[in-house]
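Novice: This structure is in structure tokens; I'll ask about it shortly.
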Amino acid sequence: EAHSIRADLKAQLETATTSEEKRSILDAARSTREDFRAGVKEDRTALREEERAKRAELQSERQRLVIRHMQIIMHRLTAALETFRKITIHIDARIEKLAAGGADTTVAVSASAAAKVSIDAAEAAIAAVKAVVDEATASETPRDHFETLRSAIHNAVDAVKAAHRAIINAISEL
């Protein structure tokens, strides 16, 4: 296209007879060139804005997915702790039955108490994760909180695993 424009301009200049005609042809070509450049500049600016909007949308979507993933993890951990609480109620009921039957339940009682302490520690770790998630989502730069969030989640998972081991120990002491 640029080649045909140049060829047309050259042909017009060759057919022009006066210098005023040539000058007006060159001015018209210059004006066309400036308009084209301005259009290209506007197109680039619009493209940049469009890319920024897409990036912001992707960032928002990524943040929404991370929050949803954290909610799923928190739900699983909380559900596990609820199950553990129910199991400790059953363990305590079994301990009472055994004590009523005259069996020695001191080891089982201490194991049950240790399980409850482990469950409370796991709940505290989950609360810490919730606090870090809230802090990260409220932040302008949530990526800065990633390592803190990761370590908090690992601590919570480890605490839930410890609570599980404590419950298994309490059950085995029955």
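The values are calculated or read from the model by the stated rules, or taken from the named source; none is laboratory data. Source: prediction; values computed, not measured. Positions of Cβ are backbone-derived with ideal geometry, glycine not excepted, and every protein chain shown enters the neighbour counts. Just so you know, the surface numbers come from the protein's heavy atoms only, side chains and all, with ligands and any DNA or RNA stripped out. Shrake-Rupley method; radii C 1.70, N 1.55, O 1.52, S 1.80 Å.
Novice: List every residue pair whose Cβ atoms sit under 7 Å apart, with the two residues 6 or more apart in sequence or on different chains, where the first one lies in region 70-93 and is without any contact (Cβ under 8 Å) to a residue 60 or more places away in the chain and the second, anywhere, is assigned to a helix (DSSP H, G or I) and open to solvent by 40 Å² or more (accessible area, probe 1.4 Å).
Specialist: Listed by first residue and then by second, the contacts come to MET74/LYS130.
Novice: Follow-up. So ARG85 ticks every box in (1) farther than 13 Å from ALA170 by Cα; (2) open to solvent by less than 80 Å² (accessible area, probe 1.4 Å); (3) assigned to a helix (DSSP H, G or I) but one. Which box is left unticked?
Specialist: So ARG85 meets the others, but not (1).
Novice: Look through region 140-174, keep the residues that are over 30 Å from VAL107 (Cα atoms) and more than 12 Å from the chain's Cα centre (by Cα), and return whichever of them is most open to solvent (accessible area, probe 1.4 Å).
Specialist: The extreme case among them is GLU140.
Novice: Of the residues SER60, SER19, SER4, which is of a type in the set (Gly, Ala, Ser), under 30 Å from ALA131 (Cβ atoms) and without any contact (Cβ under 8 Å) to a residue 40 or more places away in the chain? Quick ask: steps written out before the conclusion?
Specialist: Values: SER19 fails: under 30 Å from ALA131 (Cβ atoms); SER4 fails: under 30 Å from ALA131 (Cβ atoms).
Going through SER60, SER19, SER4 in turn, just one is of a type in the set (Gly, Ala, Ser), under 30 Å from ALA131 (Cβ atoms) and without any contact (Cβ under 8 Å) to a residue 40 or more places away in the chain: SER60.
Novice: Being assigned to a helix (DSSP H, G or I) and in contact (Cβ under 8 Å) with a residue 24 or more places away in the chain narrows it down to one residue among ILE168, ILE153; which is it?
Specialist: Exactly one of ILE168, ILE153 is assigned to a helix (DSSP H, G or I) and in contact (Cβ under 8 Å) with a residue 24 or more places away in the chain, namely ILE153.
Novice: Just for region 129-139: of the residues that are open to solvent by 50 Å² or more (accessible area, probe 1.4 Å) and free of Cβ contacts under 8 Å to residues at least 40 places away in the same chain, which one is farthest from VAL66 (Cα to Cα)?
Specialist: Of everything passing the filter in region 129-139, ALA131 is farthest from VAL66 (Cα to Cα).
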